Amino acid sequence: MTQHDIERIKSLLGTHEDFPKKGIVFKDMFPVFQDPTAVEALICNIVQHINSTYAEKIDVVVGLDARGFLFGPLVALRLGAAFVPVRKQGKLPGECVSAVYEKEYGQDIFELQRGAVKAGSRVIIIDDLIATGGSASAAGELVKKCDAKTVEYVFIMELDFLKGSEKLDAPVYSLINL
């Protein structure tokens, strides 16, 4: 992705202070989706990065609730991989594996449907943003509980000052570092 593309995407991001809680500055990806060319540039960059970095096939793209659902299926389709959602507790039917995590503004539980990620699968975990790393780390824990391997974590944005990527058990690729 060119620096011009990155700056264009940065200019499309919304910023909301004191959301969802006082003291939090929320970076909003939704305005990017008003520009199809920007979305295409994001997806192409991620797919090109994965294809040029990993010789072995990626089996599953795991998208985190909820903005990981926007990018995950598009990336999975282009990689020829399955897409599996990780959702907040109680949102998925059937038997699930779960992991508790701390967020920058509270605690939550993520779940993944048992059997959705097969043992031995090579997995990419994707979300729009990494802050403290709690939710991504929980997703990685869920992948481990399925006896699969997280190959890489992919984020559109990374808040470098929070050092969330240091908590993760696989390499991190972020398009925009803030």
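Computed from the coordinates by the stated procedures, all read-outs in this text should not be read as laboratory data. Note that this is a predicted model, so its numbers are computed, not measured. Every residue, glycine among them, receives a Cβ derived from its backbone with ideal geometry; neighbour counts consider all protein chains shown.
Look at the dipole of the stretch 11-57 built from charges on Cβ: of T15, V25, Q48, the Cα furthest out on the positive end belongs to V25.
Per-residue ellipticity at 222 nm for the chain, helices alone: DSSP H runs ≥ 4 residues times -39500 (n - 2.57), over residue total, nearest 500 deg cm²/dmol? Intermediate values should be presented prior to the final figure.
Values: 4 runs with 52 residues, N = 178.
When only DSSP H runs of four or more count, the value is -9500 deg cm²/dmol.
Computed 3J(HN,Hα) for the stretch 169-176, one whole-Hz value per residue from the Karplus formula 6.51 cos²θ - 1.76 cosθ + 1.60 where θ = phi - 60°, is 9, 8, x, 10, 10, 10, 6, 10, glycine and proline marked x.
Taking only the alpha-carbon positions of the stretch 1-78 and ignoring solvent, what does the Debye formula give for the base-10 log of I(q)/I(0) at q = 0.21, 0.22, 0.27 Å⁻¹? The computed values of log10 I(q)/I(0) come out as -1.05, -1.10, -1.28. Loop-located GluC sites (Glu not before Pro) in the stretch 63-157 (DSSP state other than H, G, I, E, B) with a sparse environment of at most 10 neighbouring Cβ atoms within 10 Å: E95. If you take the Cα centroid of the stretch 122-162 and the Cα centroid of the stretch 53-118, the two points sit 9 Å apart.
Three principal axis extents describe the C-alpha atoms of the stretch 15-154; from largest down they are 42, 37, 24 Å. Taking the chain as the region of interest, the number of lysine pairs whose Cα atoms are within less than 13 Å, with members eight or more places apart or on different chains, is 8. The stretch 53-114 gives an Rg/Rh value of 1.03, both radii derived from C-alpha positions and Rh following Kirkwood.
For the stretch 1-78, the list of GluC sites (Glu not before Pro) that fall in a loop by DSSP and count at most 12 other C-beta atoms within 10 angstrom reads E56.
In terms of the ratio Rg/(2.2 N^0.38 Å) built on C-alpha atoms, what value belongs to the stretch 97-178?
Scaled against compact globular proteins, the figure is 1.05.
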